[in-house]
Amino acid sequence: MNSTDETKKLELLYTLFCDDVRLEVGNKLSFMGVFQNIMVQQLPVSLIKFAVINHWEGEGAHLSVVQILTPDRTAAVVASQPTRFEIASGGFADNISFFVNVTFPAPGQYWVQTLIDSNLFDEQTLIVSDGREQTAEMSEAVN
C-alpha cells in the first residue's frame, strides 16, 4: 500500500495550541495554557515555549511536519523536525511539536500547517494581535 492510500485512512480529529504539554502518571497528557490567538502589548513578541498538538485517528505509519507561515505565506516563522508516528488499525495517536523562542514580528493571521508525508494535510489560523491597537480602537468607539 502506498502512502497516499494510507493518508486516506488518516483523520485529524483536533489541533490545539498551548504553552506546554506534560506526560502524567497513567500515560495522560496535561495541556497548560491552551489558546486560540495571541494578544500582546508589544510586537514583535517571542514565545519561550509553544506546542502544537495534533490528535489523529486511522492507521499506518506517517511522517509529520508542522510549520508556521507568515501572514503573506512567503516565509516560515518556524518548522518542526520531521516526526514519525504510527497508528494501529482503529487506533489513535497524538503528535506534539514543541517550538522554543518563536518570534512573531508583526500582527496578522499566521498559518499553522500540518504536512503529512510531505503533503499539506491541514491548515489552522493563529491570529497575533497588538493589544494596544485594540485598546485604542475600543477607546475611540466609546468616545
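Quick note: the coordinates plus some simple rules give every number you see, no bench work behind them. No experiment lies behind these values; they were computed from the predicted model shown. Cβ placement follows ideal geometry from the backbone for every residue including glycine, while neighbour counts extend to all protein chains displayed.
Details
- Each residue of the range 10-23 was assigned a 3J(HN,Hα) from its phi angle through the Karplus expression (A = 6.51, B = -1.76, C = 1.60, θ = phi - 60°), giving 10, 10, 8, 7, 6, 10, 10, 10, 7, 6, 7, 9, 10, 8 Hz with x at Gly and Pro.
- Hydrodynamic radius of the range 13-143 by the Kirkwood approach over all distinct alpha-carbon pairs: 16.2 Å.
- T103/L23 FRET efficiency (R0 30 Å; Cβ-Cβ; nearest 0.05): 0.65
- With Cα atoms, 0 to 90° folded angle of helix 131-142 axis to the chain main axis: 50 degrees
- Applying 1/(1 + (r/R0)^6) with r as the Cβ-Cβ distance of D122 and Q36 and R0 = 22 angstrom yields a FRET efficiency of 0.90.
- Charge tally for W56 (other residues, Cβ to Cβ under 9 Å; Lys, Arg +1; Asp, Glu -1): -3.
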